[in-house]
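A short write-up of the structure that comes next.
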Amino acid sequence: MGRVRRIARRLRALIPRRRPQTPPAAKARPHAGTAARGGGIIRGVAIVVLLGVAGAAAYVSYHHFYGLAIDLGERHDMAILYPAMSDGVIVMASLVMVYCSRRDLPVPALAWVALALGAAVTLVANVAHGWDGGTGSRLLSALAPVAFVGAYELLMWLIRSGQETAEPEPVERIVYQDREVTVEVVREVRLLPKDQYEAAQWEYEESLLPGRSRAGRRSLASHWGISERAAEQIQDEVDERLAVSAPANGTPVGAGVAP
């Protein structure tokens, strides 16, 4: 039995043990600001290149169209307007598409038709200008309108997609915290009345407070040395003023207390 155990231990020693694998280190993601700056630089360079290609192609295409119009016997002032109208239709249709894209509106079919017709007319006019020069001249003349339409439409695509791919700005987190605020309350404190009538008025007003008995006109008159008629007038004035300012709860001031 002991021999069998020794053989088993030797076999276990010969078998290689698996070492625990450490998880691969997480790759650091590029900062969002760095990615945004890189994308902005690439987009800016692309816009500059597309503007250069479109400008050069439009210049060549314009002169080809102008030369064709002159060869066909058109006047100088009319020959200038023909290429402007053809390329203007392309620009107009593309701007309408950009407007619809920024406002999530469907692009009208007329815009697609105008874009297709403008590109076709420009292409045909340039090919016709180089038709007499053979196949090479025709292909060379066709390059200008193709480059112009392609560069201009790619430029419009960059403008349309610029609003959709813009990363939202980080929103600052605002935390509201309750805190105690000291509010100063001004309270009117009565010191001395100017005469016995005002003293009677103050006594009558204090007698109308909750938990007190309403002072009658006889007690007011005897206490402050005034006539009962004056005490009654004081009561009426105070009751009228309090009735206007008191909430309408259906209970008259001093109800249920005999004068």
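Worth a mention:
- Every residue from region 81-112 that is β-branched (Val, Ile, Thr) and either crowded, with 16+ Cβ neighbours inside 10 Å or in contact (Cβ under 8 Å) with a residue 60 or more places away in the chain (or both): VAL89, ILE90, VAL91, VAL96, VAL98
- Residue match in region 216-232 (condition: surrounded by fewer than 16 Cβ atoms within 10 Å (Cβ to Cβ), modelled with pLDDT under 85 and either small (Gly, Ala, Ser) or touching a Cys at 6+ places or on another chain (Cβ under 6 Å) (or both)): no
- Extreme residue, least open to solvent (accessible area, probe 1.4 Å), among residues of region 202-211 that are modelled with pLDDT of 85 or more and outside any helix (DSSP H, G or I): LEU208
- Within region 113-127, considering residues that are of a type in the set (Val, Ile, Thr) and open to solvent by less than 70 Å² (accessible area, probe 1.4 Å), the one nearest to LEU139 (Cα to Cα): VAL127
- Any pair with Cβ under 7 angstrom, 6 or more apart, that starts in region 135-162 at a residue that is part of a helix (DSSP H, G or I) and ends at one that is among the aromatic types (Phe, Trp, Tyr): ARG138/TRP131
- GLY73 satisfies every condition listed in (1) of a type outside the set (Asp, Glu); (2) modelled with pLDDT of 85 or more; (3) surrounded by 10 or more Cβ atoms within 10 Å (Cβ to Cβ) except (3).
The values are calculated or read from the model by the stated rules, or taken from the named source; none is laboratory data. As the structure is a prediction and not an experimental result, all values here were calculated from the model. Glycine gets a Cβ as well: all are built from the backbone with ideal geometry, and neighbour counts include every protein chain shown. Side chains are part of the model used for accessible areas, which takes the heavy atoms of the whole protein and leaves out ligands, DNA and RNA. Shrake-Rupley method; radii C 1.70, N 1.55, O 1.52, S 1.80 Å.
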